[in-house]
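Asker: Attaching a single structure in structure tokens format; questions to follow.
Bear in mind that the values in this text are calculations on the coordinates, not laboratory data. Predicted model only: the values in this text are computed from it and were never measured. Reconstructed Cβ throughout: ideal geometry from the backbone, glycine too, with neighbour counts over all protein chains shown.
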Amino acid sequence: MKKTQTHRIPTALWTEFQASVIALDDNPGRRELLALILEWIRKSPKIFDAEPFASYGLGNFAKLHEDEMPVEHSAFVMDDVKHFKETVSRYDARKSDSIARFIRDTLEDLITIEVDRQCPNCRSDFMLAFTGRQKMSLAFVCKICGHSHYSDGSPIVADTLDYASTEYLRQAGLIQ
Ligand SMILES: [Zn+2]
């Protein structure tokens, strides 16, 4: 299939989001920030299921059960809020790919916990916790290089990774 047009975020949709982010308190809770982004995505399903958002899986976040996610334990630290607000205000709607990637990364940080595991590939000290859909096992993904494996060290082959729920992580003993 030939790509004949450049995909762009509708300017009105982006400026509306920018305004709601700028209006945020300087110190919002992580749940508040997550709710704001999800509300924005859920309002325009057709847009987020299409490019450039589809490549980053943004449409899928509309189906997220955020109440079940470990937001209070997540990799997103409150210092990130300032960076988030600055980045959102700076991006022009034409930077659609950068926006899609940044929103995806922020959502991922908000709902995923960092585990004290060294990446065998790049030696980064932390990995993010996921669950394998086929193997029903805890899996770790390196945020720096993308390397992933199951918690027992075995490689992930032909499996889909899901974000690990609070309940799952609690049972695995990773959060209290
Ligand atoms: Zn790595």
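Asker: How far apart, in nm, are two points set 7 Å out from the Cα along the Cα-to-Cβ line at LYS63 and at MET136?
Answerer: That separation, rounded to one decimal, is 2.0 nm.
Asker: How large is the convex hull of the Cα atoms of the range 11-111 per residue, expressed in Å³ as a whole number? Show your work: numbers first, answer last.
Answerer: Values: hull volume 8.7 nm³, N = 101.
Measuring per residue, one finds 86 Å³ for the Cα hull of the range 11-111.
Asker: Run the quick spin-label model on ILE47 and ARG90: label points 7 Å from Cα toward the beta carbon, then report their separation in nm to one decimal.
Answerer: 2.3
Asker: May I pose another question? Sort out for me the Cα centre separation of the range 70-95 from the range 51-69, rounded to whole Å.
Answerer: The range 70-95 and the range 51-69 have Cα centres separated by 16 Å.
Asker: Quick check: residue separation of HIS83 and ILE22 times 0.36 nm, minus the Cα distance between them. What number comes out in nm? Provide the component values of the computation, followed by the final result.
Answerer: Details: separation 61, 0.36 × 61 = 21.96 nm, distance 1.18 nm.
Once the chain is fully extended between HIS83 and ILE22, it gains 20.8 nm.
Asker: Calculate for the chain the 222 nm mean residue ellipticity that helices alone would give, adding -39,500 (n - 2.57) per DSSP H run of length 4 or more and normalising by residue count, nearest 500 deg cm²/dmol.
Answerer: Values: 6 runs with 64 residues, N = 176.
Calculated at 222 nm, the ellipticity per residue is -11000 deg cm²/dmol.
Asker: Over 28 Å between Cα atoms: which of LYS43/LYS85; LYS43/LYS135; LYS85/LYS135; LYS46/LYS82; LYS63/LYS135; LYS95/LYS143 fall into that group?
Answerer: Numbers: LYS43/LYS85 21 Å; LYS43/LYS135 34 Å; LYS85/LYS135 38 Å; LYS46/LYS82 30 Å; LYS63/LYS135 22 Å; LYS95/LYS143 23 Å.
Beyond 28 Å between Cα atoms: LYS43/LYS135; LYS85/LYS135; LYS46/LYS82.
Asker: Also, quick follow-up: Cα extents of the range 114-171 along the three principal axes, largest first, in whole Å?
Answerer: Principal axes ranked by extent give 27, 25, 16 Å for the Cα atoms.
Asker: Given N residues in the chain, what is its alpha carbon radius of gyration divided by 2.2 N^0.38 Å? Don't skip to the answer; put the middle values down first.
Answerer: On the way: Rg = 16.9 Å, N = 176, 2.2 N^0.38 = 15.7 Å.
Cα Rg divided by the expected 2.2 N^0.38 Å: 1.08.
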